[in-house]
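A short reminder: the numbers here are calculations on the coordinates, not readings from a lab. The structure presented is a predicted model; accordingly, all values stated were derived computationally and were not measured. Cβ atoms come from the backbone with ideal geometry, glycine included; neighbour counts cover every protein chain shown.
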Amino acid sequence: MKQAKLRTTKWDASEYLKTEEDIANYMATAFEEGDLDLIALTIGNVAKARGMTEIARKAGVSRENLYCSLKKGGDPKLSTIVGVMNSLGVKLTVAPLH
């Protein structure tokens, strides 16, 4: 008996970030994990969900540079992260480790 080939599609988180609560929970989880690649990827997914071109313009970087910075291994500058976060209408907060 021949098995049917399994077809998969690439999952894109940005397609599921519909509400402010979705975005906040998604970003908070990434920051709690503390993995820098995951944080950059998460910010990139949120920027994509909101419109990468517009977010890049508001953050003062080119769209291409923003994509490069927010991919795995991209190592974005703090100024890029802060600019994007401001463009997204969210802020970073600091709390003591428990």
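Cross-link partners of LYS48 among lysines, defined as those whose alpha carbon lies under 27 angstrom from its own and excluding same-chain residues fewer than eight positions apart: LYS10, LYS18, LYS58, LYS71, LYS72, LYS77, LYS91.
When LEU6, LEU17 are arranged by Cβ crowding within 10 Å, least crowded first, meaning fewest neighbours, the order is LEU6, LEU17.
For the chain, rounded, prolate or oblate, judged on the Cα gyration tensor with a ≥ b ≥ c (square roots of eigenvalues), a/c < 1.5 rounded, else prolate if a/b > b/c? Since a/c reaches 1.5 and a/b is larger than b/c, the shape of the chain is classed as prolate.
Taking the beta-carbon count within 10 Å as an exposure proxy, list VAL61, VAL94, VAL46 from fewest neighbours to most.
Lowest count first: VAL94, VAL61, VAL46.
Listing VAL84, VAL90 from fewest to most neighbouring C-beta atoms within 10 Å gives VAL90, VAL84.
Its relative contact order, with pairs defined as Cα atoms under 8 Å and 6+ residues apart, puts the range 18-88 at 33 percent. Taking each residue as 0.36 nm, the span from GLU21 to VAL90 lengthens on full extension beyond its C-alpha to C-alpha distance by 23.7 nm.
Which FRET efficiency, nearest 0.05, do ALA28 and GLN3 yield, Cβ-Cβ r, R0 41 Å?
My answer for the efficiency is 0.50.
Remark: the ASP75-ASP12 segment gains 20.6 nm on full extension, using 0.36 nm per residue and subtracting the alpha carbon distance.
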